[in-house]
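Visitor: I am attaching a structure below and will ask some questions about it afterwards.
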Amino acid sequence: MTKIIEKYAELPKPLRKPLWKWWHRKMNQYDSGNVANFMNYGYEYLNGDVRVQLKDQDEIDRYCIQLYDHVVNKFNLETKDVLEVGAGRGGGASYISRYFKPKSYIGMDISKSSIEFCNNYYDNVEALNFVCGNAEKLPFDDNMFDFVINVESARCYNNQLAFFNEVFRVLKPDGKLLLADMIYPVEIDKLQSIIKQSGFDIVQETNISKNVVSALEKDSDRREGLIDKKMPKFLRKSFKTFAGTLGTSRYNNFADGTFQYLSFVLEKQK
Ligand SMILES: C[S@@+](CC[C@H](N)C(=O)[O-])C[C@H]1O[C@@H](n2cnc3c(N)ncnc32)[C@H](O)[C@@H]1O
């Protein structure tokens with residue numbers, strides 16, 4: 001299993017979806033007690049940048065939250081309608097709803113068990129709702145959202161062009177897609193060309209690989225502890241690889257540049 005995780009990004013796309021689904025079912029099965037509400041590699045501010053102020057209850061998820069914060073913090077979301085595609089276990093949706101106060105926030109994911117978890121766990125956060133759906137065929141009308149957020153999810157999709165076309169369709173004119181994901185350097189040109197093909201302007205593209213590596217280093221003990229506590233022994237090594245803890249091939253791939261991590265601000269042209 002660890003080998004499959006190591007090679008996950010190289011697997012043929014049709015194999016990735018069932019693997020994802022199985023993986024998330026396992027997470028939801030072993031963490032019904034809601035300890036792991038994020039599934040991203042995190043972000044640490046570098047060069048003396050001021051860290052986001054968090055409530056005590058959120059400190060435990062600081063690095064994963066900071067990735068979401070990096071993605072949205074240039075924008076005022078108040079009065080805005082926001083969709084998140086690939087919301088996972090809803091930690092980012094909850095953070096943005098509580099700290100940025102959008103008019104509405106829909107967290108969508110393809111995993112039924114994650115959406116079930118979110119609907120039970122976040123039922124007291126105002127303006128926040130979760131629905132099941134596929135990024136490649138969004139279950140929404142045209143021109144509905146001011147912002148679409150996508151964190152560490154797009155590289156799982158079978159048809160990325162379909163995803164970008166769908167986001168373009170559901171965004172209002174001038175609406176923005178805020179995206180962060182890992183990528184192999186050789187895939188960057190193709191991604192940029194798909195983005196342009198779907199009609200988006202690339203307003204900003206930032207390489208945040210160093211921020212992600214720093215976050216992985218600082219968050220490694222917490223991730224390991226969580227996996228040791230929650231997962232059965234036979235799955236621990238694979239989950240640690242997947243979580244990018246220190247010494248795993250996933251961490252090494254980020255540290256040596258095999259994997260890069262990019263964030264984008266994309267705008268729907270009128
Ligand atoms: C690495 S997790 C990231 C979750 C969340 N964004 C976070 O940062 O915690 C990727 C998520 O993308 C979801 N996903 C994968 N393929 C999808 C698709 N075609 N449509 C919607 N969600 C999808 C997975 O179910 C998973 O929850």
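The values are calculated or read from the model by the stated rules, or taken from the named source; none is laboratory data. In this text the structure is predicted, and so the values were computed from the model without any measurement. For neighbour counting, all protein chains shown are included, and Cβ atoms are generated from backbone atoms with ideal geometry for every residue, glycine included.
Visitor: In this structure, is residue 55 of a type in the set (D, E, K, R) and free of Cβ contacts under 8 Å to residues at least 24 places away in the same chain?
Guide: Yes; evaluated as a whole, the condition is true for this residue.
Visitor: Taking the criterion of being of a type in the set (Asp, Glu), touching a Phe, Trp or Tyr at 6+ places or on another chain (Cβ under 8 Å), surrounded by fewer than 18 Cβ atoms within 10 Å (Cβ to Cβ) and not in a helix (DSSP H, G or I), would at least one residue in segment 236-256 satisfy it?
Guide: No, segment 236-256 contains no residue that is of a type in the set (Asp, Glu), touching a Phe, Trp or Tyr at 6+ places or on another chain (Cβ under 8 Å), surrounded by fewer than 18 Cβ atoms within 10 Å (Cβ to Cβ) and not in a helix (DSSP H, G or I).
Visitor: Taking the residues in segment 207-217 that are hydrophobic (A, V, I, L, M, F, W, C) and touching a Leu at 6+ places or on another chain (Cβ under 8 Å) as candidates, determine which candidate is surrounded by the fewest Cβ atoms within 10 Å (Cβ to Cβ).
Guide: It comes out as 208.
Visitor: Could you list all residues from segment 53-82 that are away from the ligand (no atom under 16 Å from the Cβ) and within 22 Å of residue 204 (Cβ to Cβ)?
Guide: The answer is 74, 75, 76, 77, 78, 80, 81.
Visitor: Filter segment 100-149 down to the residues that are outside any helix (DSSP H, G or I) and touching a residue at least 60 places away in the same chain (Cβ under 8 Å) and list them by number.
Guide: 110, 111, 144, 145, 146, 147, 148, 149, listed by residue number.
Visitor: Something else now. For residue 71, all conditions in the list (1) at pLDDT below 95; (2) under 24 Å from residue 125 (Cα atoms); (3) under 15 Å from the mean Cα position of the chain (by Cα) hold save one; what is the number of the exception?
Guide: All conditions are met except number (1).
Visitor: Output yes when any residue across segment 106-119 is touching a helix residue (DSSP H, G or I) at 6+ places or on another chain (Cβ under 7 Å) and closer than 18 Å to residue 180 by Cα, and no when none is.
Guide: yes
Matching residues to (1) closer than 22 Å to residue 258 by Cα; (2) more than 14 Å from the ligand (Cβ to nearest atom); (3) not in a helix (DSSP H, G or I):
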position: 161; (1), (2), (3): no, no, no
position: 180; (1), (2), (3): yes, no, yes
position: 215; (1), (2), (3): yes, no, no
position: 222; (1), (2), (3): no, yes, no
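Visitor: Restricting segment 128-158 to residues that are more than 28 Å from residue 42 (Cβ to Cβ) and not basic (Lys, Arg), which is nearest to the ligand (Cβ to nearest atom)?
Guide: Taking the candidates together, the pick is 139.
Visitor: Filter segment 218-235 down to residues that are at pLDDT 90 or above and under 16 Å from residue 40 (Cα atoms) and give me whichever is surrounded by the fewest Cβ atoms within 10 Å (Cβ to Cβ).
Guide: Among those that are at pLDDT 90 or above and under 16 Å from residue 40 (Cα atoms), it is 221.
Visitor: Still on this model: Do you know which of the residues in segment 83-99 that are crowded, with 18+ Cβ neighbours inside 10 Å and more than 20 Å from residue 263 (Cα to Cα) is nearest to the ligand (Cβ to nearest atom)?
Guide: 89
Visitor: Could you please find all residues in segment 57-82 being buried (at least 17 other Cβ atoms within 10 Å of the Cβ) and part of a strand (DSSP E or B)?
Guide: Correct list: 81, 82.
Visitor: Only one of these conditions is not met by residue 173: (1) in contact with a strand residue (DSSP E or B) (Cβ under 9 Å, 6 or more places away or on another chain); (2) away from the ligand (no atom under 16 Å from the Cβ); (3) part of a helix (DSSP H, G or I); (4) under 16 Å from residue 269 (Cα atoms). Which number is it?
Guide: The failed condition is (3).
Visitor: Just checking, does segment 51-67 include any residue being of a type outside the set (S, T, N, Q) and in contact with a strand residue (DSSP E or B) (Cβ under 8 Å, 6 or more places away or on another chain)? Give the derivation first.
Guide: Of the residues in segment 51-67, the ones of a type outside the set (S, T, N, Q) are 51-52, 54-56, 58-65, 67.
With in contact with a strand residue (DSSP E or B) (Cβ under 8 Å, 6 or more places away or on another chain) added as a condition, the list becomes 67.
Yes, some residue in segment 51-67 is of a type outside the set (S, T, N, Q) and in contact with a strand residue (DSSP E or B) (Cβ under 8 Å, 6 or more places away or on another chain).
Visitor: Any idea how many residues of segment 100-114 are charged (D, E, K, R) and within 6 Å of the ligand (Cβ to nearest atom)?
Guide: Total satisfying the criteria: 1.
Visitor: Being within 30 Å of residue 47 (Cβ to Cβ), of a type outside the set (D, E, K, R) and not in a helix (DSSP H, G or I): is that true of residue 195 here?
Guide: no
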